[in-house]
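Below is one structure, written out as structure tokens; the observations come after it.
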Amino acid sequence: MANIMNSLYNMRILDDLARQETVIHKLHSLMKLLTTVSYLTVVVSFGRYEIGGLLPFLIYPVMVFTLAELPVKPILLRILIVSPFIIGIGILNPFFDQQGYLLGERVISRGWITFGSILLKSGLTVTAALLLIATTGMDRLAGALRMMKIPRIFVLQLLLTYRYISVLMEEVARILRAYSLRAPNQKGVHRSAWGSLAGQLILRTFDRAQRIYEAMCLRGFAGEYNTGGFKEIRAWDLSYFIGWALFFAVARMYNIPMLIGSLITGVIK
Amino acid sequence: MSHHKLEVKDLHYSYPDDHKAVKGMSFCIYHGESVGIIGANGAGKSTLLMLLMGVIFPSQGEVCVGDVHVTKKTLPMIRKSLGMVFQDPDDQLFMNTVYDDVAFGPRNYKLDEKEVEKRVLNALELVGILHLKDRAPFKLSGGEKRAAAIASVLSMHPDILVMDEPTAALDPKSRRKVMKLLTSFNHTKIITSHDLDMIFEMCDRTIVIKNGEIAADGVTSEILVNAELMDACGLEIPLSLQNCPVCRTKKV
Ligand SMILES: Nc1ncnc2c1ncn2[C@@H]1O[C@H](COP(=O)(O)OP(=O)(O)O)[C@@H](O)[C@H]1O
Ligand SMILES: [Mg+2]
């Protein structure tokens with residue numbers, strides 16, 4: 001029971017974090033969005049067998065973590081939540097792709113390399129997305145999406161889904177609390193009650209969603225989610241984006257770890 | 001709009017499951033009045049308010065605000081002059097911060113951000129929770145949530161304030177605070193409640209509802225002391241008017 005209430009509080013931690021005022025938070029939301037999008041595109045564009053070339057891309061999340069003064073633990077936890085899916089997708093590779101691959105002295109199956117590559121890529125992309133939310137906030141992010149001329153129906157869908165998740169969670173918490181108080185000696189919910197509990201949950205969530213929607217309409221909501229005025233894009237915002245974009249491009253074209261390696265070995269020779 | 005008059009003519013409403021919740025109500029509320037709407041649980045108070053706000057539409061009869069009928073077309077205009085505070089503040093507060101929540105209404109009317117800020121700070125100041133503006137609404141106490149919900153409506157500068165059980169689930173001090181706050185507004189007020197002491201203090205006029213019909217409509221001080229009427233409608237005369245429970249002396 002306590003877990004559910006905890007996760008309810010934690011769920012909005014990304015929004016809490018987004019309210020800080022660091023260098024990164026103060027950047028224009030559109031530029032952060034563009035930076036993230038280019039990061040995702042470049043990371044995903046790497047081939048299946050590439051791991052070394054991906055390593056320089058660790059710099060971006062590390063920099064953002066540091067500059068935005070974000071706590072690592074809650075965000076890492078959220079990455080772990082999706083990790084079963086990633087592992088589920090990647091784990092079959094070592095079995096299907098048995099071809100040998102020479103790594104130093106040892107031969108390992110190429111499947112393990114692709115598995116590692118998938119793991120790394122997913123880790124990086126999920127982290128980048130979470131960092132974007134934690135430094136920008138869902139509302140401003142939606143504003144940025146609108147600036148990019150994404151149709152408002154999609155943006156609204158995204159925002160309301162995000163909002164209603166908490167509505168759903170709150171109802172879950174209430175129902176479970178009521179249940180556990182009257183079934184004190186029980187661990188979890190007995191399966192005879194699952195059906196009616198789930199039914200209740202759906203009905204109640206519908207009801208609440210309906211009332212919230214009504215409350216929104218009463219305050220003049222007409223399909224456009226207004227999140228306040230927009231700041232001008234300053235030269236600094238623009239250079240943040242361009243700087244990262246250049247770095248991503250260079251890191252994509254040249255295998256930086258290899259270059260450094262050969263540079264060092266060259267110097268030694 | 002002419003004097004923010006609110007008129008209800010022969011209103012009927014049935015829920016989709018054919019439950020008749022409102023059966024032929026008529027009344028008229030004038031500028032500056034504060035009207036209490038009382039009745040037992042399930043009498044149809046909340047349904048009536050929903051009809052006034054145009055959240056649901058009557059199956060028969062009509063609601064007029066000023067000289068304008070409440071229809072789908074006139075809703076944007078109606079909603080500018082009527083502000084409603086929901087029974088459960090959790091239904092009303094859904095943004096990440098109190099500030100954003102209070103700003104939600106003004107922003108929907110496309111006011112520029114300077115004006116929005118002015119209104120938000122003003123509304124928060126009025127209800128006395130300016131210091132909570134950056135907090136998340138779901139982390140506030142019951143009384144603070146209620147104040148935030150009221151501020152979120154005040155920021156829209158409504159002419160008529162509609163409130164569904166504003167003092168329900170509040171502790172005595174918070175209840176007192178909310179009452180003081182509401183008394184300080186000179187809007188036209190429509191308040192539903194079964195907190196009859198609150199109605200007695202705050203409303204000059206009271207409408208009693210019983211099973212979806214108007215059982216009485218008149219001066220509060222006359223209606224609330226009518227023990228027979230109150231009893232028939234599932235209510236009691238206010239505690240402050242009952243005999244003293246300790247010494248049994250009559251108060252009225
Ligand atoms: N969504 C609904 N569907 C069907 N009946 C409803 C619904 N909401 C309320 N009712 C019924 O309408 C009547 C009036 O309800 P309501 O206006 O909420 O009462 P009050 O606010 O006075 O306690 C009640 O008998 C209630 O059961
Ligand atoms: Mg009610």
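Here's the yes/no breakdown for (1) in contact with a strand residue (DSSP E or B) (Cβ under 7 Å, 6 or more places away or on another chain); (2) open to solvent by less than 80 Å² (accessible area, probe 1.4 Å); (3) part of a helix (DSSP H, G or I):
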position: A:VAL43; (1), (2), (3): no, yes, yes
position: A:GLY47; (1), (2), (3): no, yes, no
position: A:VAL62; (1), (2), (3): no, no, yes
position: A:LEU80; (1), (2), (3): no, no, yes
position: A:GLY88; (1), (2), (3): no, yes, yes
position: A:PRO94; (1), (2), (3): yes, yes, yes
position: A:VAL107; (1), (2), (3): yes, no, no
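With the structure loaded, tell me whether B:ASP112 is over 21 Å from A:ARG12 (Cβ atoms) and at the interface with chain A (Cβ under 8 Å from one of its Cβ atoms) or whether it fails that test. Even if it seems obvious, please write down each step before you answer.
Details: over 21 Å from A:ARG12 (Cβ atoms): yes; at the interface with chain A (Cβ under 8 Å from one of its Cβ atoms): yes.
Taking the combined requirement at face value, the residue satisfies it.
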In segment B:200-216, which residues are assigned to a strand (DSSP E or B) and under 15 Å from B:LEU48 (Cα atoms)?
-> B:THR206, B:ILE207, B:VAL208, B:ILE209, B:LYS210, B:GLU213, B:ILE214, B:ALA215
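Does segment B:35-44 contain any residue that is touching a residue at least 12 places away in the same chain (Cβ under 8 Å), surrounded by fewer than 17 Cβ atoms within 10 Å (Cβ to Cβ) and within 13 Å of ligand 1 (Cβ to nearest atom)?
At the first step, the residues of segment B:35-44 found to be touching a residue at least 12 places away in the same chain (Cβ under 8 Å) are B:35-41, B:43-44.
If we keep only those that are surrounded by fewer than 17 Cβ atoms within 10 Å (Cβ to Cβ) too, we end up with B:40-41.
Going one step further and asking which of them are within 13 Å of ligand 1 (Cβ to nearest atom), we end up with B:40-41.
Checked segment B:35-44: at least one residue is touching a residue at least 12 places away in the same chain (Cβ under 8 Å), surrounded by fewer than 17 Cβ atoms within 10 Å (Cβ to Cβ) and within 13 Å of ligand 1 (Cβ to nearest atom).
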Return the only residue of B:TYR30, B:TYR13 being away from every other protein chain (no Cβ under 14 Å), among the aromatic types (Phe, Trp, Tyr) and away from ligand 1 (no atom under 16 Å from the Cβ).
-> B:TYR30
Check A:ASN3, A:ASN10 and return the single one that is more than 14 Å from chain B (Cβ to nearest Cβ), at pLDDT below 90 and open to solvent by 50 Å² or more (accessible area, probe 1.4 Å).
-> A:ASN3
Quick one: B:LYS139 ticks every box in (1) closer than 23 Å to B:THR188 by Cα; (2) facing chain A (nearest Cβ under 9 Å) bar one, so which box is it?
-> (1)
Among the numbered conditions (1) in contact (Cβ under 8 Å) with a residue 60 or more places away in the chain; (2) within 16 Å of ligand 1 (Cβ to nearest atom), tell me where B:LYS80 comes up short.
-> (2)
Are any residues in segment A:169-209 within 23 Å of B:PHE57 (Cα to Cα) and open to solvent by 100 Å² or more (accessible area, probe 1.4 Å), and if so, which ones?
-> A:LEU203, A:PHE206
Only residues that are open to solvent by less than 20 Å² (accessible area, probe 1.4 Å) and among the basic types (Lys, Arg): list them for segment B:180-190, please.
-> B:LYS189
When you scan segment B:11-50, how many residues do you find that are among the hydrophobic types (A, V, I, L, M, F, W, C) and within 13 Å of ligand 2 (Cβ to nearest atom)?
-> 9
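Got a number for residues in segment B:157-179 being away from ligand 2 (no atom under 16 Å from the Cβ) and open to solvent by 20 Å² or more (accessible area, probe 1.4 Å)?
If we filter segment B:157-179 for residues that are away from ligand 2 (no atom under 16 Å from the Cβ), which is where we start, we get B:157-161, B:171-179.
Cutting the leftovers down to open to solvent by 20 Å² or more (accessible area, probe 1.4 Å) gives us B:157, B:159, B:171-177.
Residues in segment B:157-179 being away from ligand 2 (no atom under 16 Å from the Cβ) and open to solvent by 20 Å² or more (accessible area, probe 1.4 Å): 9 in total.
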Every listed condition ((1) modelled with pLDDT of 90 or more; (2) within 30 Å of B:ASP101 (Cα to Cα)) holds for B:ALA216 save (2)
Every residue from segment B:149-189 that is more than 12 Å from chain A (Cβ to nearest Cβ) and in a loop (DSSP other than H, G, I, E, B) = B:ASP159, B:GLU165, B:PRO166, B:THR167, B:ALA168, B:ALA169, B:LEU170, B:ASP171, B:PHE185, B:ASN186, B:HIS187
Within segment B:16-27, count every residue that is within 16 Å of ligand 1 (Cβ to nearest atom), open to solvent by 20 Å² or more (accessible area, probe 1.4 Å) and more than 14 Å from chain A (Cβ to nearest Cβ).
-> 5
Being over 16 Å from A:TYR39 (Cα atoms) and at pLDDT 90 or above is the filter here, so list the residues in segment A:238-258 that pass it.
-> none
Segment A:192-217 residues that are in contact (Cβ under 8 Å) with a residue 24 or more places away in the chain, paired with ones that are aromatic (Phe, Trp, Tyr) and outside any helix (DSSP H, G or I) (beta carbon under 8 Å, 6 or more apart) = A:ILE212/B:PHE94
B:ALA123 versus (1) within 14 Å of chain A (Cβ to nearest Cβ); (2) part of a helix (DSSP H, G or I); (3) crowded, with 19+ Cβ neighbours inside 10 Å; (4) out of contact with any Ser or Thr (no Cβ under 8 Å at 6 or more places or on another chain): which is the lone unmet condition?
-> (4)
The lone exception for A:ALA134 - which of (1) of a type outside the set (S, T, N, Q); (2) surrounded by fewer than 18 Cβ atoms within 10 Å (Cβ to Cβ); (3) under 28 Å from A:LEU159 (Cα atoms) it fails = (2)
In this structure, is B:GLY212 within 16 Å of ligand 1 (Cβ to nearest atom), of a type in the set (Gly, Ala, Ser) and more than 19 Å from the chain's Cα centre (by Cα)?
-> no
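The values are calculated or read from the model by the stated rules, or taken from the named source; none is laboratory data. Here the structure is a predicted model, which means the values were calculated and not measured. No Cβ is skipped: glycine too gets one built from the backbone with ideal geometry, and neighbour counts run over all protein chains shown. In case anyone asks, the SASA skips ligands and DNA or RNA and just uses the protein heavy atoms, side chains included. Shrake-Rupley method; radii C 1.70, N 1.55, O 1.52, S 1.80 Å.
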